[in-house]
Structures are given as C-alpha cells and as structure tokens.
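These notes concern the structure reproduced below.
The values are calculated or read from the model by the stated rules, or taken from the named source; none is laboratory data. The structure presented is a predicted model; accordingly, all values stated were derived computationally and were not measured. Note that we place each Cβ from the backbone using ideal geometry, even for glycine, and neighbour counts take in every protein chain shown. All accessible areas refer to the heavy atoms of the entire protein, side chains included, with ligands and DNA or RNA removed. Shrake-Rupley method; radii C 1.70, N 1.55, O 1.52, S 1.80 Å.
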Amino acid sequence: MNNDFTFSIKSIGFDENYHPADNTRATTNFANLARGSSRQENLRNALTMIDNRFNALAHWDNPKGDRYSLELEIISVEMDLAREGNGDPFPAIEILKTTILDHYNNRRIEGIVGNNFSSYVRDYDFSVLLLEHNKNQSSFSIPDNFGDLHGKLFQCFVNSATYKTHFNKPPVICLSVSDNKTYRRTENQHPVLGVEYQPNESSLTEQYFKKMGLAVRYFMPPNSVAPFAFYFFGDLLVDYTNLELISTISTMETFQKIYRPEIYNANAVAGAFYKPNLKNQDYSLTKVVYDRDERSRLAIEQGKFAEKQFIKPYQSILEQWSANYAF
C-alpha cells in the first residue's frame, strides 16, 4: 500500500513577474499578493522587505547591508493514485524553497525548503470537516482521527524518492503563533533564531503538525516583535546553518508582517509572558495591499474543492491506505 501514491514536482520563480498557476490555492501567501491592480507593487515591496531583513540578520562581513538577496521558488507537489491511473493529479502541497545569493562571492547557496505550507486537504480538515463536526454542538470537540490522513500523506511525500531527489534536507515550516495561547520567554537564546518561548499548552495546530511528524519550537528572532512557530524534523538548531535559518526567518516574517500586522508588525515587543492579540490596534501597516476577508472565505471554498475532487471520490482508497500506511 505504501507505493500507491506517486508524487511529481513543479516549480515556478516567485518574483515581481509571478502569476499564480490555475491550481494554486488562492489563499496562499504568495498567490494572494500577486492579484489585483497592485500585484506588481505588492510583489516588489515584499521581496525588498525579505532582502532587507535577510541582510539585517546576516550582518557579519556585510558592512553595507547589501551582500545577500533571496531567490524564491514555489514548489507545487502533485499526487496521483498510481494504481488508478486516473491521469488527473491532485495538487496536494505547495511550499517555498529559498536560494541565497551571495553577491560578494558571486555564489548561490541552497537555502531551506518548506517555509510557507499550503495544503488543500488541510483546508478541508479545518474549514469543512471541523466546522461540520462542531455545527450546533454545545462544546467544541475534534473528530476522531483528525489529521491522520493529511499527516500520513505529508510523511509519505517527505520520505519519497521524489523528495529526496530534489531536496537535500528535511523541510522547515514557519507559522504564526496561536492567539489563544500564552507564551513564556525562556533563558535559551540562539544567535539567529533569537529568544526561545514556550506555550502554556499545546494548540490544535501543534497536534495537527505532530501527525505530520513535525516537532515545534518557538523563537523570537533579533529585532522581531513576536515569536514564530518553527516546525521541523530532527534538530532545528544543529541541522541547519545560520544562513539557511535566516532565509526562512526573513521570508516568513515578511509574510506575517503583511498578513498578521497586529502581531508581527506591532509597535510593542513581546514581553516575558506573551499572548498574541489579533484585535491589537497598536501596529503599523506595510505597503502591501491584500484582502483578509476574501482570504478567510476562500479557505472554505478550497476545502470544499478538496472534498469534491479528492476526499469523496477516493474515500475508500484513502481510508484503506491510511489504515495500512507505516512510517
């Protein structure tokens, strides 16, 4: 059963000329920026923010703050049920791959794959399945086996020959902190990742990503105003170089400043105990335009797309595969 799914990878550069592919999730950070009349200005401003933040963090041997820039690739992962031979692959996952350009030495340095994480099945789980399960219920609960299929599909991809052919290291995914948890600052500090925080309890997102095989640690990088959630395999602080980590921080902090300015572009820095607040009014806006209401609405539409195109047509196959899949 482990070999029933085959994966294929497509990549497209994320630059000021980027146009989303037809099957790209419209809520994806990068796709959302590349729409509307301000699309090119949005992209140009976001890319400038990324490069500036990278050079601020990689400040050694970089007196003018212009040594590095980042090249970003959108990695689209399509999945096919090989034994069905349906010839219509499902757009399973989208992630970002960073490449670091060192202009002083004229060389390219491989960065980190992952960073942003987008998944139609995840949309289905959170925006369709979870909502339906709790409809008209007096208290919130989680469906049985919530996230099991998604977690196994992700691990199947990361362990596949396709992944290992294209990427040298496991992925790192960087997300916003949860606004219903409190985070306590610890004494642990990393030169690039910054000060480590610990949550008061596990979040649903943590539990969901744990089923994907990922551990999580929370760090607030130097000159950031709030911690980030870093999801990873192995040892985050040992397995990746400082430049690799900076490529993730600079990319994802830029996206979060745009999409979560109440948290990541706040005018006050997180203290010893920090509770994120999406209703915070003391924050600054970036020069990037986006439609947050549209983004929330589309998550439900895209979850229903996954249900119609993937979950329901192949439900029996997926259930059987998930029950038998061994990591």
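Among the residues of the stretch 29-36, is any open to solvent by 60 Å² or more (accessible area, probe 1.4 Å), of a type outside the set (Ser, Thr, Tyr), under 22 Å from Ser118 (Cβ atoms) and at pLDDT below 95? Taking every residue of the stretch 29-36 in turn, at least one turns out to be open to solvent by 60 Å² or more (accessible area, probe 1.4 Å), of a type outside the set (Ser, Thr, Tyr), under 22 Å from Ser118 (Cβ atoms) and at pLDDT below 95.
Within the stretch 96-112, does at least one residue satisfy the condition of being farther than 16 Å from Ile50 by Cβ and surrounded by 17 or more Cβ atoms within 10 Å (Cβ to Cβ)? No, every residue in the stretch 96-112 fails to be farther than 16 Å from Ile50 by Cβ and surrounded by 17 or more Cβ atoms within 10 Å (Cβ to Cβ). Scanning the stretch 177-208 for residues that are closer than 24 Å to Asn242 by Cβ and not acidic (Asp, Glu) yields a count of 14. For the stretch 176-191, taking the residues that are closer than 24 Å to Asn55 by Cβ and either of a type in the set (S, T, N, Q) or under 19 Å from the mean Cα position of the chain (by Cα) (or both), the one that is most open to solvent (accessible area, probe 1.4 Å) is identified as Gln189. Yes or no: Tyr197 open to solvent by less than 10 Å² (accessible area, probe 1.4 Å), touching a Leu at 6+ places or on another chain (Cβ under 6 Å), part of a strand (DSSP E or B) and not acidic (Asp, Glu)? No; evaluated as a whole, the condition is false for this residue.
Quick check on Tyr163: is it of a type in the set (Ser, Thr, Tyr), assigned to a helix (DSSP H, G or I) and in contact (Cβ under 8 Å) with a residue 24 or more places away in the chain? Break it down into steps so the answer makes sense when it comes.
Values: of a type in the set (Ser, Thr, Tyr): yes; assigned to a helix (DSSP H, G or I): yes; in contact (Cβ under 8 Å) with a residue 24 or more places away in the chain: yes.
So Tyr163 fits the description; yes.
The helices (runs of 4 or more DSSP H) located wholly in the stretch 222-327 that include 3 or more residues which are on the phi < 0 side of the Ramachandran plot and of a type in the set (Ser, Thr, Tyr) occupy 242-259.
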